[in-house]
Amino acid sequence: MVGLARTANAEDGVRAEVETAGGRLTWVTGDVARTEICDAFVGAALAATGRVDVLINNAAARTDPGVIPSHEVPDEQWDTVLATTLGGAFRCCRAALPALRERRGLILNVASFTAVQAQAGMAAYASAKAGLVHLSRVLAVEYADVGVRVNSIILGGTATRQAAKTAAAVLDLQDRGAVPASADALPATEQMRPQDVARAIALLCHPDAALITGAEIAIDRGVSAGLLTSRYVLSLAARR
């Protein structure tokens, strides 16, 4: 396995899990917004194993404030989030596709429920994730004849440090009246553990999923299907 992240300290937890499972980890530190880093990432995989079977694009940028009304979004935030979240995935795909074609491999692009359902205060992030979903469709069609599969994962409600920061930022905007405050009407949704999401993603890497390409696969407990909207409507009806 070969991993890539902006900071070296991200390696520690990943290495422990990989080695516990009996695997080996090669690590590359750098920013996916830079073409040479993405090329080095794929080069490290080829040097370590001689092939690329699966590429998972999960990098996303956060700038402070991470949740902000659209009329306040500075150019720097827009450019950084798009360059990393969408541009980084494209650069990694571009670098890996020659090797993936040889192996009839798989690309999984990790998107978000914000790609398919609007979230106030997250214009850059949501737009980048929506672009990632459509990039997956384009690549799936473009490389179908050479056996490369490409799918996007729609995540929502995973218990991570980043999710906690985003939730806190949304609550702050609601307190300031910058976005509609409706979360108080919604029952709490149980968050998913990262390891459970990883197991679901692993299923899509199995040969039994060989016919699945160009798909948006939700791993979000029904959020992108409308779970929270449904609960909100029901809560309004209950008040009458």
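Could you check the range 137-150 and list, in sequence order, the residues that are within 18 Å of Gly88 (Cβ to Cβ) and either part of a strand (DSSP E or B) or in contact with a helix residue (DSSP H, G or I) (Cβ under 9 Å, 6 or more places away or on another chain) (or both)? Answer for the range 137-150, where residues must be within 18 Å of Gly88 (Cβ to Cβ) and either part of a strand (DSSP E or B) or in contact with a helix residue (DSSP H, G or I) (Cβ under 9 Å, 6 or more places away or on another chain) (or both): Leu139, Val150.
One line per residue, one yes/no per condition, for (1) in contact (Cβ under 8 Å) with a residue 12 or more places away in the chain; (2) part of a loop (DSSP other than H, G, I, E, B):
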{"site": "Ala10", "(1), (2)": "no, no"}
{"site": "Gly13", "(1), (2)": "no, no"}
{"site": "Arg24", "(1), (2)": "yes, yes"}
{"site": "Asp31", "(1), (2)": "yes, yes"}
{"site": "Phe41", "(1), (2)": "yes, no"}
{"site": "Ala48", "(1), (2)": "yes, no"}
{"site": "Ile56", "(1), (2)": "yes, no"}
{"site": "Thr114", "(1), (2)": "yes, no"}
{"site": "Gln117", "(1), (2)": "yes, yes"}
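Residues in the range 202-240 that are among the β-branched types (Val, Ile, Thr) and more than 16 Å from Val133 (Cα to Cα) were compared, and the one that is surrounded by the most Cβ atoms within 10 Å (Cβ to Cβ) is Val223.
Among the candidates Ala198, Ala225, Ala237, the residue that is at pLDDT below 95 and under 19 Å from Leu55 (Cβ atoms) is uniquely Ala198.
Can you tell me which residue in the range 1-15 is surrounded by the most Cβ atoms within 10 Å (Cβ to Cβ), limited to those that are modelled with pLDDT under 85 and of a type in the set (A, V, I, L, M)? Ranking the qualifying residues of the range 1-15, first place goes to Ala10. For the range 136-162, the candidate set comprises residues that are within 13 Å of the chain's Cα centre (by Cα) and among the hydrophobic types (A, V, I, L, M, F, W, C); within that set, the residue that is surrounded by the most Cβ atoms within 10 Å (Cβ to Cβ) is Leu155.
I'd like to check something: does the range 51-59 contain any residue that is in contact with a strand residue (DSSP E or B) (Cβ under 6 Å, 6 or more places away or on another chain) and over 23 Å from Ala128 (Cα atoms)?
Within the range 51-59, not a single residue is in contact with a strand residue (DSSP E or B) (Cβ under 6 Å, 6 or more places away or on another chain) and over 23 Å from Ala128 (Cα atoms).
The values are calculated or read from the model by the stated rules, or taken from the named source; none is laboratory data. The model shown is predicted, which means the values in this text are computed figures rather than measured ones. Methodologically, a virtual Cβ is constructed for each residue, glycine included, from the backbone with ideal geometry; neighbour enumeration extends over all protein chains shown.
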